[in-house]
Amino acid sequence: MSDIWRPKLHFTPKTGWMNDPNGLVFYGGEYHLFYQHNPYAPKWDRMHWGHAVSADLYHWEHLPIAIFPDETGEIYSGSCFFDANNDSGLGTKDNPPLLAFYTSHHAVSKREQQCIAYSPDGRNFTKYEKNPVIPGAENTPARDPQVFSNPVLGGYAMCLTKESEICFYVSDNLTDWKFSGSFSYATNCAAAGGAFAGPANCAAGGVYAGQKNCAAGGAYAGPADDDMTTNVVTKRELKEIYECPCMIPFETDEGLKWVLLISTITTADAKYAREVRYFVGEFNGRSFKQTQFPADNLLLDYGPDFYASTVFSNTDKKIMLSWLGNSDYVHDVPTDAEGFRGVLTMPRELTLVKTEAGYRLKSEVVSYDIIRQNGRQENDGTAGSDEIFTVTRKVRTGDILRIRCGGGEVIITVKENEYLVDRTKAGDGSFSASFAAQSVLSVPRMNLKFSLSESDKESELTVIIDGCVMEMMPNDGLSPATFYIFPSSRSHSLV
């Protein structure tokens, strides 16, 4: 079974375990990828920051471990920021530092603290002698810091998760941080009947007015509507866990919009065990405020194997990587037979587009020509043992796309408002009952108008298979979907 499942272009650790991508940054003329890593075995344990670099986001050079655990804890997720003005004083004017912000997690006390490691060359990191820059208490979650420039107040901003809320901090020098606000599900409507229910709480014929819209008899007990110190999310009160927040600015015809990505460990009624949701709103320099309130959660990806999304800093394009993570079976995927567990998606460029239903994130695979050069497209016959299979088709309602995967197949049925993806016979599913139970899955079908008004409306669908990964890019990139599959060989063809 050697090398059947290790992808050719999707990033994997050379050996051991990988989960969240961390510290994505363009620095020194190359893309730097750091990641949660156990270099000693293909299972989650004692996290380090692994490190790799690439010129094109597909061909990666593995580098030595960037940051090791120490007496304060393991090295949990975070971000990198190029301190171009040397405001931290951790470099020089002529050679400003690359700063790695990470969470130190103590396995016994469960204390989580925000720390810095700095580098003069993007290769060798030194831990800041005054760590932690944001102390933490025992048994108190606080992790996954993302640092970005603050265009409103000047200086810098940070967001991190405390599991029940996203907290924001501000700084002038990247080393001294002050709490400035938070973003969470609303739980503080007072009085009987005062449960906040988002846009559903509009009076007949009314317009949603944010925090004022508590149900009949209920008075909102939080800050005033124009106070962005604390803000709320629609859909559910919090019964879930937030992780890996990521703030992304987008220029639009209506001015600057901000998107907040939140990786969510979900409740039983959610689509998947883990989802990456996003919220469209504004940033006042102190915290994020949601300004668009869709009826349902907006997902960055509609497949079952997608988590911990983040984007590269220090580059104009919003280029995203995510981990193929599903808490139901991610620790059991059979790639350990090839010496690793953990795969990242192909790089996707995110843009914010206006649809009839409001703003939505559009995903496009970066440098598709590299995929073409490394694989075979939509022809009959079989792919070579080291190639990537891709197919792009114009499809209509009722069409069925069958892709032979080794000795099995993936079946994609095109319905009016969805694609039904059946990976039941795509390969090995014996390693997990949960994986086997999630074999027939629904992916929304839509276009830039966010609806298909005619039942036979034509739409385009691209499918990429690389080792153990299948990525679907339908609907002009509005509903990408990522799947693990474990075929018996790399021999794929369109039936």
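The values are calculated or read from the model by the stated rules, or taken from the named source; none is laboratory data. All figures in this text were calculated on a predicted structure; none of them were measured in a lab. Glycine gets a Cβ as well: all are built from the backbone with ideal geometry, and neighbour counts include every protein chain shown.
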- Query: Is segment 51-73 home to any residue that is within 26 Å of residue 178 (Cα to Cα) and among the hydroxyl-bearing types (Ser, Thr, Tyr)?
  - Reply: yes
- Query: Given the conditions (1) more than 27 Å from residue 331 (Cβ to Cβ); (2) of a type in the set (A, V, I, L, M); (3) not in a strand (DSSP E or B), which single one is not true for residue 41?
  - Reply: (1)
- Is there any pair linking a residue in segment 23-38 that is small (Gly, Ala, Ser) to one that is modelled with pLDDT of 95 or more and not in a loop (DSSP other than H, G, I, E, B), with Cβ under 6 Å and at least six apart or on different chains, and which? 23/34; 23/79; 23/80; 23/100
- Query: How about segment 397-446: which of its residues are among the charged types (D, E, K, R) and within 27 Å of the chain's Cα centre (by Cα)?
  - Reply: 418, 422, 423, 428, 445
